[in-house]
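Take a look at the structure set out below.
Read the figures in this text as sums done on the coordinates, not as results from a lab. Computed from a predicted model, the values in this text were never measured in an experiment. Cβ: placed from backbone, ideal geometry, glycine included. Neighbour counts: every protein chain shown.
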Amino acid sequence: MEAPANSKYISLRVDNFASGIKTPVDLFARTGKNNYVKIYSSGEMPNKAKLLQHSGSTIKYLWVEKEHFSKLTRHNMAIAKLTLESSKYELVQKRRVLSSAAHTVFNEFKGLGVNVQSYAVARELSSYTTRFVDQHNDLSDLLENVTTGSDSLVKHSMAVSAMSLVICRAMDWKNPVTREKLAIGGLLHRIGMIELPKGVLAAPYEELSSELKEQYAEYPQMGSALLHKVGYVSEDVISIVLQHRERPKGKGFPLGLPDARIHPLAKVVGLAEAIVNLTYPNVDNNYKPLSPDYAYKQLSEDTDLFNKEIFKSIQNIFVRNALIKKIY
């Protein structure tokens, strides 16, 4: 649900609120184009019964005043940190709070823009994603656990961040700084899409007109421009965002760079995104998603699209994954 122009509210789907946790801000329901009514007060625990009592039907979105949305984001991040660091919680509980934190971070990007504060929170989120990846041994289980929630951009971004870290581990890159750059670069690789016109993302890429495809191809440059404005983002992270769709022999976009000129970390995120694109529904495909193993098998049929050393490194990942034994 879109807010009116210049609205002082930011929406968040009800199912992206962390369940069983008191809200740190007032929450509103939208009753008309410019009408909002407070449903929950700060300090109250949201529940479905009250939503039904208020509207008589299912409310999909709750709204937060823009001036207080950052408080909600930071609250969810604090909950995620405590949950991920504790041994008391099962992975399913950790998944829920991580998903809730991720959705608030991206909604803050959309509602308040990319700035120093929101980038810092995204960077913190990427560190939690790294911790979550380290708690998984099974690839299929990992990707399933980082792709929860309702927003396709958030789910895709979390999956690419996680898969980039998996490839990093396969490459035996152990430098914490490198891992951090891959995690945040993977998380924000599609941040430029928040700048695209709605029509560009309304259908799978293959179904877009030539004009809309040209607009779509601009999102890496839009994303890198957003991060440049922040002022202190690593040039390596900006290169990931700009170059993750570049491919060897100049087959990618937006610059058509040859393999030798593509940033090494962008090559990793590019391969991670290609795997995720085949594994989960997103704006780039309109077919039935594949298991990670079948996605790897399909990508293996045209390895010229990826750096050979990086692609070779992931073979053992899929050999270890149980499903691959059924297709090789």
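Some observations on this one:
- About its Cα centre, segment 113-326 has a charge dipole of approximately 420 debye under the convention of +1 per Lys or Arg Cβ and -1 per Asp or Glu Cβ, with nothing else charged.
- The Glu235 and Asn47 beta-carbon pair, evaluated with R₀ = 45 Å, returns a calculated FRET efficiency of approximately 0.45.
- Segment 113-326: relative contact order as a whole-number percent, Cα under 8 Å and 6+ apart: 21
- When you count the other C-beta atoms within 10 angstrom of each residue and take the mean per peptide, 291-302, 96-107, 27-38, 72-83 line up highest first as 96-107, 72-83, 291-302, 27-38.
- Part-to-part distance (alpha-carbon centres) for segment 78-152 and segment 224-263, which is given in Å: 24
- Cleavage-rule hits (trypsin sites (Lys or Arg not before Pro)) in segment 98-198: DSSP loop, at most 12 neighbouring Cβ within 10 angstrom: Lys174
- The computed Kirkwood radius over Cα pairs in Å for the structure shown corresponds, within [x] 26.7; [y] 21.4; [z] 20.6, to [z].
- What you get for segment 134-206, charging only the Cβ of Lys and Arg (+1) and of Asp and Glu (-1), is a dipole of about 240 debye around the Cα centre.
- Helical content alone sets the calculated 222 nm signal of the chain at -16500 deg cm²/dmol, taking -39,500 (n - 2.57) per DSSP H segment of four or more residues and averaging over every residue.
- Cross-link pairs exceeding 29 Å between alpha carbons, from the set Lys174/Lys297; Lys181/Lys288; Lys110/Lys267: Lys181/Lys288.
- Evaluated with a Cβ-only charge set (Lys, Arg +1; Asp, Glu -1), segment 66-120 carries a dipole of roughly 80 debye about its Cα centre, given to the nearest 20.
- Linear extension gain, Ser150 paired with Ala260, 0.36 nm per residue minus alpha-carbon span: 35.8 nm
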